[in-house]
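The values are calculated or read from the model by the stated rules, or taken from the named source; none is laboratory data. These figures come from a predicted structure and were not determined experimentally. Here the Cβ positions follow ideal geometry from the backbone for every residue, glycine too, while neighbour counts run over all protein chains shown.
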Amino acid sequence: MNDGYAVRAEALEKRYGEKRALDGFDLVVREGTVHGLLGPNGAGKTTAVRILSTLIRLDGGRAEVAGLDVTRQAREVRARIGLTGQYAAVDEVLTGRQNLEMFGRLFHLGGRRARARAVELLEQFDLTDAADRGVGKYSGGMRRRLDLAASMILAPAVLFLDEPTTGLDPRSRGEVWESVRALVAGGTTVLLTTQYLEEADKLASRITVIDQGRAIADDTPDGLKNLVGGDRVEVVVAERAELPRAVKVVARVSDGEPETDEDALRVHAPVTDRVNALTEVARTLRDEGVRVEDIGLRRPSLDDVFLRLTGHRTDVPQSKEASA
Amino acid sequence: MSAVDLTGPSRHGRLYWLLADCGNIVRRGLTHYQRQPVNIAWQLGFPILSVLLYGYVFGSAMTVPGGGDYKDFLMPGMFVMTMAFGFINTATVVVYDSTKGVIDRFRSMPMASSAVVAGRGVTDLVVACAELGIMMLTALAMGWRPDGGWGFLAAFGLLLWLRFALIWIGVWLGLLVPNPEAAGGLFAVAFPLTMISSIFVAPQLMPDWLGWVAAWNPISSTAAAARELFGTPVGGGDSWVEQHALLMAGVWPVVLTVIFLPLAVRRFQRLSR
Ligand SMILES: Nc1ncnc2c1ncn2[C@@H]1O[C@H](COP(=O)(O)OP(=O)(O)OP(=O)(O)O)[C@@H](O)[C@H]1O
Ligand SMILES: [Mg+2]
């Protein structure tokens, strides 16, 4: 009845007073895939997830999750989804095990199955050693994993993850990514929101870009990257007078037009063979005696995608440096 | 995949699961106390300390209109005060759960969402029984001698009845205040409200207008009714509300519930706006 789609949302509207949090938002997510929902702060990601997970009512449009209407069949939807909100929603006083057992019982597994499932999930999320410690003493990564485990108790058909790695160190981030991959291997469909193109690229097979409550692009990660032109090599020179020479050097390794930012004394251009391009540029600049401040590779960020799609930048400070 | 059979929701009906969910929320609330013994010590320690402090410090200096020992007058008032402050505990837990997203998690699950609030209420009543029990033992140790029997049980019931009504104020405020820190400020509001009542001093000893306010304070009725039922000095008062303390101790919580239960429910429903 859901013809291969785990999520199907049409023209979703959500208003908060004058503010349109969602303004005709469309989304389809294929069963068994990871779908990324990418957008800057305030784009409407959380609002979309909260509507799809039945936490808030929609003001207009239609949404189905696992073939069920989120408004009319909310209870049935809840039995088939898992939700990991933007902030870890676990009980900080209880231990990890007590949390999972409590949620298991509230998922109506009954005491025996709830206990068995808790043991299984603690193992799967590498929390067995910390199982009987209070969650208040957990690290951010452990708390996130417990949160994920709690949303997995019923092995849901559809799992919503709202910025699952924001605020985590790289190691914990990797752990979360691993868990997500394992879930999908088990047949779960995942809708994941993120502010990082890199994260969507790593996990998702398809990405919807959202801005001001509207989907502005829906593509594969490669499609989006092609749109912004993949990796770029970037040179910052010491003085304005050096710019023209730097442009020439950069143009030689690039397969596109170099772009200059006169104020920042910066030249950048798209490259395909990243490492070779970088070493080539560095060598030539030194040979020709161009005085440079910095040379680096820059990966396309959410900001670049936005600039390309909307013509305006996001207001998010991006971490886009991948220095050589 | 999971070795646990996760499918096949049970043969039980809706009412069964409402009660089961409620029971699980209560279990969670009580486990909190078990894991944080300091909290329960503080929560019980405060009333005990109050009983000792007010009993011994003010005990000799205060008089009760119509005669009688001040300590005997004070004890039921202390029980009422503990019940009255209870709404702060309710609010603190609710604000914590709603700001930390725990309530959202419950709401995204196939459980009965009314169990979240109902379970909180039952937990609070269980804790209130423990508080009353411990305070009464302390009071007995200090020489308080109530009448036993049905009157005693009725007084106990009226105290819990007041606590029940205050659950809804607690839930409502818990969903209203923006963060746990703000909930701490509720104490500053609650303290004067309990002072302007018959808990410590008989209203007729206060300035006219203040005495009138104190007499009509809902918790004064519970205090006066409890005193009457315990057979300890009541402290007189001939205004209508003081003459009908037993009636009003039953009516006030109804009034509070009728006002605040719908407000709390509305706040809860507003979460899904
Ligand atoms: N309860 C609310 N009341 C008023 N405005 C709201 C509410 N929730 C969201 N908004 C507004 O709706 C817009 C979309 O918010 P939303 O939280 O969905 O964005 P987001 O993409 O999740 O952002 P972030 O990356 O910061 O989490 C924002 O402008 C926000 O201020
Ligand atoms: Mg968000």
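Filtering the range B:235-266 to residues that are within 30 Å of A:Ser53 (Cβ to Cβ) and either over 22 Å from the mean Cα position of the chain (by Cα) or crowded, with 19+ Cβ neighbours inside 10 Å (or both) leaves B:Phe260, B:Ala264. If you go through the range A:206-236 and keep only what is polar (S, T, N, Q) and under 14 Å from A:Asp304 (Cα atoms), you end up with just A:Asn226. The helices (runs of 4 or more DSSP H) falling completely within the range A:137-208 that include 1 or more residues that are among the β-branched types (Val, Ile, Thr) and more than 15 Å from the chain's Cα centre (by Cα) map to A:170-185. Can you tell me which of A:Gly67, A:Gly4, A:Gly110 is within 14 Å of chain B (Cβ to nearest Cβ), more than 16 Å from ligand 1 (Cβ to nearest atom) and not aliphatic (A, V, I, L, M)? Within the list A:Gly67, A:Gly4, A:Gly110, the selection yields A:Gly110.
All conditions in (1) touching a Ser or Thr at 6+ places or on another chain (Cβ under 6 Å); (2) surrounded by fewer than 21 Cβ atoms within 10 Å (Cβ to Cβ); (3) more than 10 Å from chain B (Cβ to nearest Cβ) hold for A:Glu10, with the sole exception of (1).
May I ask you to list the residues in the range A:253-279 that are at pLDDT 90 or above and surrounded by fewer than 17 Cβ atoms within 10 Å (Cβ to Cβ)? The answer is A:Thr279, and nothing else. Annotation note: Cβ proximity below 6 Å between a residue of the range A:201-215 that is touching a residue at least 24 places away in the same chain (Cβ under 8 Å) and a residue that is surrounded by 23 or more Cβ atoms within 10 Å (Cβ to Cβ) and hydroxyl-bearing (Ser, Thr, Tyr) (sequence gap 6+ or interchain) occurs for A:Ala215/A:Thr208. For first residues located in the range B:17-37 and free of Cβ contacts under 8 Å to residues at least 40 places away in the same chain and at the interface with chain A (Cβ under 7 Å from one of its Cβ atoms), partners that are of a type outside the set (Val, Ile, Thr) and surrounded by fewer than 18 Cβ atoms within 10 Å (Cβ to Cβ) and lie 6+ apart or on another chain with Cβ distances below 7 Å form the pairs B:Arg35/A:Gly134. Close Cβ contacts (under 7 Å, 6 or more residues apart or on different chains) running from residues in the range A:32-56 that are within 14 Å of A:Val190 (Cα to Cα) and within 14 Å of chain B (Cβ to nearest Cβ) to residues that are near ligand 1 (Cβ under 8 Å from one of its atoms) and of a type outside the set (Asp, Glu) comprise A:Val49/A:Thr193. Scan the range A:114-123 and give yes if some residue there is touching a residue at least 12 places away in the same chain (Cβ under 8 Å), within 10 Å of chain B (Cβ to nearest Cβ) and among the basic types (Lys, Arg), otherwise no. Scanning the range A:114-123, I find at least one residue that is touching a residue at least 12 places away in the same chain (Cβ under 8 Å), within 10 Å of chain B (Cβ to nearest Cβ) and among the basic types (Lys, Arg), so the answer is yes.
Within the range A:151-175, track down each residue that is under 21 Å from A:Glu31 (Cα atoms) and away from ligand 1 (no atom under 15 Å from the Cβ). Passing the criteria: A:Ser151, A:Met152, A:Ile153, A:Leu154, A:Ala155, A:Pro156, A:Ala157, A:Val158, A:Leu159. If you go through the range A:71-90 and keep only what is crowded, with 21+ Cβ neighbours inside 10 Å, among the hydrophobic types (A, V, I, L, M, F, W, C) and either at the interface with another protein chain (Cβ under 8 Å from one of its Cβ atoms) or within 16 Å of ligand 1 (Cβ to nearest atom) (or both), you end up with A:Ile81, A:Leu83, A:Ala88, A:Ala89, A:Val90. In the range B:227-234 there is at least one residue that is surrounded by fewer than 23 Cβ atoms within 10 Å (Cβ to Cβ), at pLDDT 90 or above and either among the basic types (Lys, Arg) or assigned to a helix (DSSP H, G or I) (or both). You will find that of A:Gly136, A:Gly104, the residue that is within 14 Å of chain B (Cβ to nearest Cβ), under 30 Å from B:Cys22 (Cα atoms) and surrounded by fewer than 17 Cβ atoms within 10 Å (Cβ to Cβ) is A:Gly136 and no other. Filtering B:Gly174, B:Gly151, B:Gly121, B:Gly101 for residues that are over 17 Å from B:Leu256 (Cβ atoms) and away from chain A (no Cβ under 14 Å) leaves a single hit, B:Gly151.
Yes/no per residue for (1) within 14 Å of another protein chain (Cβ to nearest Cβ); (2) farther than 26 Å from A:Leu159 by Cβ:
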site	(1), (2)
B:Asp5	yes, no
B:Ile40	yes, yes
B:Ser50	no, yes
B:Val57	no, yes
B:Ala61	no, yes
B:Phe87	no, yes
B:Thr90	no, yes
B:Arg107	yes, no
B:Ser113	yes, no
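Against the list (1) within 16 Å of ligand 2 (Cβ to nearest atom); (2) at negative phi, the condition A:Gly44 fails is (2).
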